[in-house]
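Peer 1: This is the structure I have questions about; it appears just below.
The values are calculated or read from the model by the stated rules, or taken from the named source; none is laboratory data. Since the structure is predicted, the reported quantities are computational estimates derived from the model, not experimental observations. Cβ atoms come from the backbone with ideal geometry, glycine included; neighbour counts cover every protein chain shown. Side chains are part of the model used for accessible areas, which takes the heavy atoms of the whole protein and leaves out ligands, DNA and RNA. Shrake-Rupley method; radii C 1.70, N 1.55, O 1.52, S 1.80 Å.
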Amino acid sequence: MAHSFKLLGDQKLALKYLETFLEIAQRTKQARSEAEACAGLGTIYSSLGEHAKAVRFFEQTFEIARTLGD
């Protein structure tokens, strides 16, 4: 859903869905889903020009991928 809202130009709603997705992934210990949410958040923050936030989420994605061996 977040991707659809991003494509429709509603970045804020896309962020809301991705943040919820991230919370659920963390709570249920679903590392791959957590990495996917972080990557999506990083992409949107980057497109909004919020590069420091984007980098933090991309770094989280990288760390999760490393622990998974991806």
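Peer 1: Local charge sum around Phe57 (other residues, Cβ-Cβ under 12 Å, Lys/Arg +1, Asp/Glu -1)?
Peer 2: Computed value for this residue: -4.
Peer 1: Something else now. Mind counting lysine pairs for me in the chain? Cα separation below 18 Å, and the two need to be 8 or more apart along the chain or on different chains.
Peer 2: For the chain, the number of qualifying lysine pairs is 4.
Peer 1: Could you tell me the extents of the chain's C-alpha atoms along the three principal axes, largest first, rounded to whole Å?
Peer 2: 33, 23, 16
Peer 1: Averaged per residue, what accessible area in Å² does the chain show with a 1.4 Å probe, protein chains only?
Peer 2: 67
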